[in-house]
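Worksheet: one structure, shown below.
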Amino acid sequence: MLDNIKQDIKRSLLTGDRFRAETLKLVQASLQNAKISKMEDLSTSEEVAVVQKEIKKRKEAAEMFSRAGSIDKAEKELKELEIIEEFVPKQTSGIELEKLIDSLISSGKLHLNSFPEAMRLSLELIENADRAQLAGILKQKIT
């Protein structure tokens, strides 16, 4: 992922898209910092987790700017968000996620005895699940 981001930064600079290049440089810095903290290369899932944190930061910032009435800053954060999301696999969410959980329950692979255990197993079995939606669906099914 880091190599793809570096290549995209070069391409963006060559085409004159400074906004995209600057956004990607921030993501690159986050990945580099995580790599330094770990003192070894990041796995793909660790890289995705770092980029998802960046996405979460942008969503929260856009929401706060919108509430504060600073629409131009909120739009900037949303543009950055769109750029960053290109590098993360699409998350499973909504109806598709609920169907996957139902199939795991019916197959006996997932038991709803306790929320933490169900959440842990679900994250292992369902790739790219939106954690917040997953938690909401599991809480609904447990109660």
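Taken together, the values in this text are just the output of simple stated rules run on the coordinates, not laboratory data. Just so we're clear, the structure is a prediction, and the values are computed from it rather than from any experiment. When we count neighbours, we look across all protein chains shown, and the Cβ atoms used for this are built from the backbone with ideal geometry, even at glycine.
In region 1-97, counting only helices (runs of 4 or more DSSP H) that sit wholly within it, the ones holding 2 or more residues that are touching a residue at least 40 places away in the same chain (Cβ under 8 Å) and more than 26 Å from S122 (Cα to Cα) span 2-15, 18-38, 71-85. When region 98-122 is filtered for residues that are exposed (fewer than 14 other Cβ atoms within 10 Å of the Cβ) and in a helix (DSSP H, G or I), the ones remaining, listed by number, are K99, D102, S103, S106, S107, P116, E117, R120. Among residues of region 106-118 that are of a type in the set (D, E), those with a beta-carbon under 8 Å from a residue that is in a loop (DSSP other than H, G, I, E, B) at least six positions away or on a different chain give the pairs E117/H111.
Among the residues making up region 120-143, those that are among the polar types (S, T, N, Q) and over 15 Å from S45 (Cβ atoms) are S122, Q133, Q140, T143.
Yes or no, residue by residue, for (1) in contact with a helix residue (DSSP H, G or I) (Cβ under 6 Å, 6 or more places away or on another chain); (2) among the basic types (K, R):
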position: E40; (1), (2): no, no
position: K53; (1), (2): no, yes
position: E60; (1), (2): no, no
position: A74; (1), (2): yes, no
position: E77; (1), (2): yes, no
